[in-house]
1. Across the range 35-51, in residue order, what do the Karplus-derived ³J(HN,Hα) couplings come to in whole Hz, using 6.51 cos²θ - 1.76 cosθ + 1.60 with θ = phi - 60° and x for Gly and Pro?
2. When the accessible area of the chain is split by element with a 1.4 Å probe, what percent falls to carbon and sulfur?
3. Per DSSP H run of n ≥ 4, the term is -39500 (n - 2.57); total these for the chain, divide by its residue number, and report the mean residue ellipticity at 222 nm rounded to 500 deg cm²/dmol.
4. Would you mind checking the pairs K101/K162; K170/K223; K48/K88; K28/K97; K88/K162; K97/K170 and listing those with alpha carbons more than 29 angstrom apart?
5. Expressed in nm to one decimal, what extension gain is obtained for the pair D160 and D77 from 0.36 nm per residue of sequence separation less their Cα-Cα distance?
6. Could you pull out every residue, at least 5 positions away or on a different chain, whose amide H is within less than 5 Å of the one on K78? Hs are placed 1.01 Å off N in the peptide plane, and Pro or chain starts have none.
7. Return one whole number: the accessible area per residue of the chain in Å², for a 1.4 Å probe.
8. Amide H to amide H under 5 Å from D185: which residues, 5+ apart in sequence or cross-chain, H placed 1.01 Å off N in plane?
Amino acid sequence: MEKIMQGTASLTRTQENMLDYFATHDVKYIADDAVYRNLSTGETYRGKAEVAAMLHFTYHVAFDARIETTNYVITEDKAVVEGFFKGKHIGEIAGIKSTQKEVNVPISVSYDLRNGLIQQARIYMLVDILRQQLGAAEAQPRVAYLSRDIFHLKFGHYRDVKELIDEGRKAGLLPQGKAQRVLTDFTGDAYRLILEEGFDSLAEYERNLNSELMQDEWQQWYKRFKEHVESGHRELLKQVM
C-alpha cells in the first residue's frame, strides 16, 4: 500500500482523524455542514445527518461492506483514498433486491478538509461493475430521448409515494415509454424521486404526454401524488452515445 502524509506535527490530528475515518467511517470526523457528492450517480448529500444516513445505508443496510484501502494521500486540507468496496449485498438498492452476492468494486474518494474534519467529499465508484457483480447489468433499450420527472418529496412521505407508484404502474397510469426506471436517493431531510422513460422521437414523447393528461383516472391519481411533493421539474435529454 502506498501512503503519503505531508506536513509537520501540526497535521497529526488531521492525519489520525482521516486514517480512523478510512477504517470506520465514523461521522464524528464529518463537519456539520459537509457535502458529499457521488459523481458516479449524481446524488448529493448535505449535512452530517444526510451523510450519516447514506453511509449507514450503504455499509450496513444495502451491503455488509467495508473499504479495503490500497493507496491514500493526506495533507492538511486535502485527502484522497483509493481502494475496493468489498462486502455482501444484503438489502435492496436501486430496485435490486438482496442477492447475498459478494462484491469487490474499485472506488476512489477525494476530500476537502478543514480543522481536521471532512468538509466535502467526491465519490468515484465503478457502478457498472457493481451492477455486473449483482447480476443486473442487462442493457437498457436504445432510445433517442430520455424524459426525467424529478420530484422533491416532503419529509417522511417516501413510503406513501412508493405505494402510489406501485398502484399507478399496476393500473397502467404511468408513462409507457421505453427504458422505464424509478430512481431515488437516500437522504436525511428529504427525498428525491425520479421517473425516467425513453422515447424514439420527440413526436412520440408529445403523444405520450398528451395521452396521459387526457385520462381522468390519471388526473385523480396525480392529485393524490402531488400531496406528497414539495417541488418538481422535468428534464428532456438527448442520448448521444
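1. Computed from phi, the couplings for the range 35-51 are 10, 10, 10, 8, 5, 7, 10, x, 7, 10, 10, 10, x, 4, 5, 5, 5 Hz.
2. 51
3. On the way: 6 runs with 66 residues, N = 241.
It comes out at -8500 deg cm²/dmol, rounded to the nearest 500.
4. Beyond 29 Å: K28/K97.
5. Numbers: separation 83, 0.36 × 83 = 29.88 nm, distance 4.25 nm.
Extending this stretch completely gives an extra 25.6 nm.
6. L113
7. Working: 13650 Å² over 241 residues.
Heavy-atom accessible area per residue stands at 57 Å².
8. For D185, the qualifying residues are R192.
The values are calculated or read from the model by the stated rules, or taken from the named source; none is laboratory data. Since this is a predicted model, take the numbers as computed values, not measurements. Cβ atoms come from the backbone with ideal geometry, glycine included; neighbour counts cover every protein chain shown. Keep in mind that these areas ignore ligands, DNA and RNA; they rest on the heavy atoms of the full protein, side chains included. Shrake-Rupley method; radii C 1.70, N 1.55, O 1.52, S 1.80 Å.
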